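Let me begin by presenting the structure, written as structure tokens, before commenting on it.
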Amino acid sequence: MQLTIEKLIYGGDSLARLPADEHGSGKAVFVPFVLEGERIEASLLEQKRGFARGHAETIVQASPHRIEPQCPYFRRCGGCHYQHSSYEHQLEIKTAILKDTLRRIAKLELNTKITVHPSPWNYRNRTRLRVRAVPEFALGYYKFRSHELLPVEACPVSSPLINRAIAAFWQMGRGRAMPDAIHEIEFFANADDTELLIEAWCDAGTPGSSIREWADAARGIFPGIAGVVAYKAATSGATAVIEAKPVAVSGAREIIYRTECASYRVSSGAFFQVNRHLINELVKIVVAEESGHTALDLYAGVGLFSTSLSPRFAQVIAVESSQTSHGDLLHNSPSNV
């Protein structure tokens, strides 16, 4: 059947409608990887009472914004949604989705201009990948709408240093130097992309000695790796419980992340803003010229915003509930936080 795409919605899908029938207006159909205004030949994958899910078999009439995606894993990977559109149009898509979400959920008609802060490629300072040991080694993300592993050897939204690390760990895994018990690895890069902190998660019953040997070997893959910290994770039903205490540490447990406002000692497991190109800009936008008696920084992580708020407020209360989210301010330490 042919469908015309009305608009894109939050989560990467687009909205089209089945032809109207005697029961009324056409049912909504959600289709990924298409653009508004496009006419497609589609097949239905799933039918529910109020909506359906479809797949674009053929693009009958393409949007002028459609491009060839840069990433070879796009459409198969569950990460990115809009690489089939020019970057300028991606920003327009996200602006329109934000306005539509505010209109539907908050009943707020946003008539003011939304300022967009672009950051197209290699922006991520943190990347977390699944690890598979058998039948053959693989490192990657989940496939689109699946819990099946998609092997990924490079990620264009991750920093260059992280991509070097991904390549090095592929080589390590192919050499059978990766313990079978490790099922996830996370890479965190510092501000100038010269130093990495690596976290690994392994099965609860894994002997600590074997993980410590691996951590030492992993830290020596190339000079940019400051430290490797491994945790045990036990799964209860659909919930993974992470032990806050590391089972193995090689090298540093933290790296220094320098911003225009301050430098932070970010430990393994700590939250830090992920877009390395926009961190300083984000802090300026959040803090702006605000001042007053009390500021609340909820889900504060290492206190990125608290640091900039503290000179402007008599009291700053920073809240962070995660057991593993630890970090320290190294200088310009406010006394009222």
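A few remarks follow.
- Residues of region 141-161 include at least one that is free of Cβ contacts under 8 Å to residues at least 24 places away in the same chain and charged (D, E, K, R).
- Segments classed as strands (runs of 3 or more DSSP E), wholly inside region 236-313, with at least 3 members that are under 22 Å from the mean Cα position of the chain (by Cα) and at pLDDT below 90: 239-242
- When 176, 212 are screened for being at pLDDT below 95, in a helix (DSSP H, G or I), closer than 18 Å to residue 131 by Cα and among the charged types (D, E, K, R), only 212 passes.
- Taken together, 36, 46 contain a single residue that is farther than 13 Å from residue 84 by Cβ and of a type in the set (D, E, K, R), which is 46.
- Whichever residue in region 10-58 is out of contact with any helix residue (DSSP H, G or I) (no Cβ under 7 Å at 6 or more places or on another chain) and among the aromatic types (Phe, Trp, Tyr) and, among such residues, is modelled with the lowest pLDDT: 51
- Residue 166 fulfils the conditions (1) of a type outside the set (D, E, K, R); (2) in contact with a helix residue (DSSP H, G or I) (Cβ under 7 Å, 6 or more places away or on another chain); (3) buried (at least 19 other Cβ atoms within 10 Å of the Cβ); (4) under 24 Å from residue 135 (Cβ atoms) except for a single criterion, (2).
- Subset of region 52-97 that is assigned to a helix (DSSP H, G or I) and of a type in the set (Val, Ile, Thr) - its residue that is surrounded by the most Cβ atoms within 10 Å (Cβ to Cβ): 93
- Yes/no for residue 173 being within 22 Å of residue 136 (Cα to Cα) and either surrounded by fewer than 20 Cβ atoms within 10 Å (Cβ to Cβ) or in the same structural domain as residue 248 (by TED's automatic domain parsing) (or both): yes
- Flag for residue 122 being in contact (Cβ under 8 Å) with a residue 24 or more places away in the chain and farther than 23 Å from residue 178 by Cβ: yes
- Every test in (1) buried (at least 19 other Cβ atoms within 10 Å of the Cβ); (2) outside any helix (DSSP H, G or I); (3) not basic (Lys, Arg) is passed by residue 161 save one, and that test is (2).
- Selection within region 31-51: residues that are among the charged types (D, E, K, R) and surrounded by fewer than 16 Cβ atoms within 10 Å (Cβ to Cβ). The member of this set that is farthest from residue 75 (Cα to Cα) is 49.
The values are calculated or read from the model by the stated rules, or taken from the named source; none is laboratory data. It should be emphasised that the depicted structure is a prediction, and the values quoted were computed from it without experimental measurement. Ideal geometry is used to build each Cβ from the backbone, glycine not excepted, and the neighbour counts take in all protein chains shown.
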